[in-house]
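Notes for the one structure printed next.
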Amino acid sequence: MREENLSLRAKYNITALFYDILDYPWERIYREWRPWLIGDLRGKVLEAGVGTGRNFQYYHQDVELTGVDLSDVMLRKAMKKADKAQCKIELLHDDASIMRLVNSNQYDWLVSTFLCCVMPDKFQPMALQQFSRVLKPGGKFRLLEMVYSKNITIRKRQERFSAFVEKVYGARFDRKTLEHIEASDEFEITNKRFLKDDVYLLIEGIKKV
């Protein structure tokens, strides 16, 4: 694990104790998206940043899932949800920008929900290299992130909450995830669209063969 991520892990090991309660107001929106964000995936899937495992119940029974998270406390929470999932799940305590425990060229899909808005920009190219390494040629990815709105009213609301969001979740609305993917030679973006306002950005793509 990178030394710079130790403080982030420590933050999430505390936040994990209250995460599902803290996140409930937003989860009322996210739970409407999760069935179609996750439900059509098949084959070997790697979920980077599984958190407390809120996606688990939506995976199809034919999925063979590997879940990675920086926080061991989050993973302990996720294990309880994994026991109730339809698919086979293996959970790994690993850094998504390193993924020492994950084999190369193994996965048909890589998915993450709100990982990269937590990950510092300097680590994102490293994480993308790992995403490419673990995906099979032609493997696909689906990332859901939050960004700053260009709508003045929404932007002001985000700015009011930004300090809280960063303190509790380590998340920021100004990460350059899309720009990092667009600059990558290893991925092709096949779809990008907002799920709500111009804040919740869905990025889908494929690993070039």
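Tabulated data for the structure shown
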read-out	value
Amide H partners (placed H, <5 Å) of Leu46, local residues excluded	Thr66, Trp109, Leu110, Val111
17 Å Cα cut-off, lysine pairs counted over the stretch 63-192 (separation 8 or more, or different chains)	7
Cβ-placed point charges (K, R +1; D, E -1), dipole of the stretch 3-207 about Cα centre in debye, nearest 20	540 debye
Exposure proxy order (Cβ contacts within 10 Å, fewest to most) of Thr177, Thr153	Thr153, Thr177
Unit charges at the beta carbon, dipole of the chain: most positive-side option, Gln158, Ser112, Leu41	Gln158
Which labelled figure in (1) 26, 20, 17; (2) 35, 20, 14; (3) 23, 20, 18 is semi-axes √(5λ) of the Cα gyration tensor in Å, once derived from the coordinates	(3)
Relative contact order of the chain, pairs being alpha-carbon contacts under 8 Å that are 6 or more residues apart, as %	18 percent
Sorted peptide list for 112-121, 44-53, 98-107, 27-36, criterion being average Cβ within 10 angstrom, highest first	44-53, 112-121, 98-107, 27-36
Burial ranking of peptide ranges 78-88, 136-146 (average Cβ count within 10 Å, highest at the top)	136-146, 78-88
Potential extension, Arg76-Val165 segment - 0.36 nm per residue separation minus Cα distance	29.8 nm
q = 0.11, 0.12 Å⁻¹: log10 I(q)/I(0) that the Debye formula gives for the stretch 19-100, counting C-alpha atoms only	-0.27, -0.32
Sum of -39500 (n - 2.57) over DSSP H runs of 4+, divided by residues of the chain (222 nm, nearest 500)	-11000 deg cm²/dmol
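We did not get these values from a lab; they are worked out from the coordinates using the rules stated. This is a predicted model, so every value here is computed, not measured. Glycine gets a Cβ as well: all are built from the backbone with ideal geometry, and neighbour counts include every protein chain shown.
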